[in-house]
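Contents: one structure, followed by commentary.
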Amino acid sequence: MQRGIAAVAALLLAGGAFYWLHGRGDAAPRAIASAPPAAVLTEPPSKASKKAAASSTPAARTENKRAVPDPGPDAAMRTGEVLEYSADVAKVSNVATLRLQVAEQRNFLGKNAWHLQAFAHTQNPLRMVFELDDQFDSYSDAGTMSSLQYEMHLSERGQKVESIQRMTATGKEPAAENVTETRVLPGTRDPLGMMQYLRNVDWSKTREARGPVYDGHKLYDVRASLAGASESITVPAGSYVATKVELRVFDDGTEMKDAHFAVYFAHDQTHTPVLLEAVLPWTTARVGLKSSK
């Protein structure tokens, strides 16, 4: 039950969603054998890649950083946005605090990219038995929200895991010394990028959006569909009229039938995600917006 609560918290943070649901076995991401159509291969950089990286690419956190113009006024994202959430699981309120933020728009490896972040913290009384302080960083292509690099900085029950993975569809891009090359399908998004991508979908014209999502551990096919064009909901931040989008998750072509997810996007200019819901075999979770800036 405790692990289930933590799983839901990380899931609804959009920072480790499907990874948590399946359980990790061990703390570190593991290699996935190549098998179409959901082929993912995680491997350390080759010697040639390391040599190229040493001469042309600094460490992961010190990539070349140039000013990039902010997006236009109609874009759903903006630099400096911070969304704070509280998570209720079953009948227990505020078991975790969740924060999503848009750190910056910048040049990353020569591409215009968004730096997205998510933070999860369990709260008392749960924290006394399951201490969780996780951070997720995504560098996502500004045009497609496909993942360029995905980072997991995990701290759970005193155990820490650091994982920095550079996404590649070819395996030919150089990676820094402390970065793992992760081969994925073209257009693959990480959970943070997928959340932001769904904000930009015009749900008045689109009934379904889908694509591969890599959660730092495994590749899934995620299908999002319109479930309600105008839903009235109330969360700690207030009352909203929102679009309801349901998420279906497929693993190797098989749908996860025992887990159901939904996200509600407010009818405001930035399509703010104001509510996230999960129905799982062992519990239900509701993560509501409590503040935004």
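The figures follow:
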| item | result |
| --- | --- |
| Residue list for the stretch 206-223, filter: assigned to a strand (DSSP E or B), in contact with a helix residue (DSSP H, G or I) (Cβ under 9 Å, 6 or more places away or on another chain) and either modelled with pLDDT under 90 or within 26 Å of residue 163 (Cβ to Cβ) (or both) | 211, 213, 214, 220, 222 |
| Of residues in the stretch 239-269 being surrounded by fewer than 16 Cβ atoms within 10 Å (Cβ to Cβ) and β-branched (Val, Ile, Thr), the one modelled with the lowest pLDDT | 254 |
| The stretch 80-109 - residue that is outside any strand (DSSP E or B) and touching a residue at least 12 places away in the same chain (Cβ under 8 Å) and, of those, surrounded by the fewest Cβ atoms within 10 Å (Cβ to Cβ) | 80 |
| Qualifying residues in the stretch 111-144 (those that are closer than 21 Å to residue 289 by Cβ and not in a strand (DSSP E or B)) - the one nearest to the chain's Cα centre (by Cα) | 123 |
| Out of 257, 244, sole residue that is basic (Lys, Arg), over 15 Å from residue 85 (Cα atoms) and in a strand (DSSP E or B) | 244 |
| First in the stretch 119-130 and over 12 Å from residue 155 (Cβ atoms) and without any contact (Cβ under 8 Å) to a residue 60 or more places away in the chain, second anywhere and surrounded by 17 or more Cβ atoms within 10 Å (Cβ to Cβ) and among the β-branched types (Val, Ile, Thr), Cβ under 8 Å, 6 or more apart | 123/95; 123/97 |
| Pairs, first over 15 Å from residue 102 (Cβ atoms) in the stretch 192-211, second among the polar types (S, T, N, Q) and in a strand (DSSP E or B), C-beta under 7 Å, six or more apart | 203/243; 207/225; 208/225 |
| Residue among 148, 154 that alone is without any contact (Cβ under 8 Å) to a residue 60 or more places away in the chain and buried (at least 16 other Cβ atoms within 10 Å of the Cβ) | 148 |
| Total residues in the stretch 157-171, condition outside any strand (DSSP E or B) and touching a residue at least 60 places away in the same chain (Cβ under 8 Å) | 1 |
| Conditions (1) part of a loop (DSSP other than H, G, I, E, B); (2) in contact with an Asp or Glu (Cβ under 7 Å, 6 or more places away or on another chain); (3) acidic (Asp, Glu): number failed by residue 151 | (1) |
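The values are calculated or read from the model by the stated rules, or taken from the named source; none is laboratory data. Quick caveat: nothing in here was measured; it's all calculated off a predicted structure. Every residue, glycine among them, receives a Cβ derived from its backbone with ideal geometry; neighbour counts consider all protein chains shown.
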